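Take a look at the structure set out below.
Throughout, read-outs are computed from the coordinates displayed, never taken from laboratory work. If you're wondering where the values come from, they're calculated on a predicted model, not measured in any experiment. Reconstructed Cβ throughout: ideal geometry from the backbone, glycine too, with neighbour counts over all protein chains shown.
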Amino acid sequence: MLRRTALFSFLLLLPLGIISCNCSKDISKTLKLAEPNKTPPGYAEIIGVIVEIEPVAKTPNKNDPCSKASCIAKVKIESASYGAGFPTFNKNVSVKIKFNFTLLPTSKDMFPNMEESYPGLKVGDKFTALTGFVSVIGSDNPEYFVYGYSKN
């Protein structure tokens, strides 16, 4: 009985000893390789190309920048880094994205209190942006939006 208990203990502890001996030296390398995703939850960092720009939207709110300039573009997503909870894009499929500060270059006339400035985007321009999404009730497709971007 004592031999069986000793054998059982040995077989139970042997894998733990092997794991601790093998991992103790390499654990720092493993942790560096398993760096957490830098994209925040609910967002995707994309590289996209403007394929088409929709005309200025007719909105009842005269103060809405999208009533004065185009805000929505079809974008071909070339690559994306996803944060937790963000739906994945289909590769090389164009998606509609709303640019909340319009597709025009930012100006003090339109955004008097804004410190950031964006150069504007036109068809064919490549850009990098942090993209968010909103789920729409009754639709399988989320609505995507961008606040800021950088032109590539």
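Scanning segment 61-80 for residues that are more than 24 Å from Asn152 (Cα to Cα) and of a type in the set (Lys, Arg) gives Lys62, Lys68. Scanning segment 101-121 for residues that are surrounded by fewer than 14 Cβ atoms within 10 Å (Cβ to Cβ) and either touching a Pro at 6+ places or on another chain (Cβ under 6 Å) or closer than 16 Å to Glu143 by Cβ (or both) yields Pro105, Pro119.
When the residues of segment 122-152 are filtered to those that are β-branched (Val, Ile, Thr) and more than 20 Å from Asn90 (Cα to Cα), the one that is surrounded by the most Cβ atoms within 10 Å (Cβ to Cβ) is Val123. Against the definition (free of Cβ contacts under 8 Å to residues at least 40 places away in the same chain and farther than 17 Å from Lys151 by Cα), how does Lys62 come out, yes or no? Judged against the criteria, Lys62 is a match.
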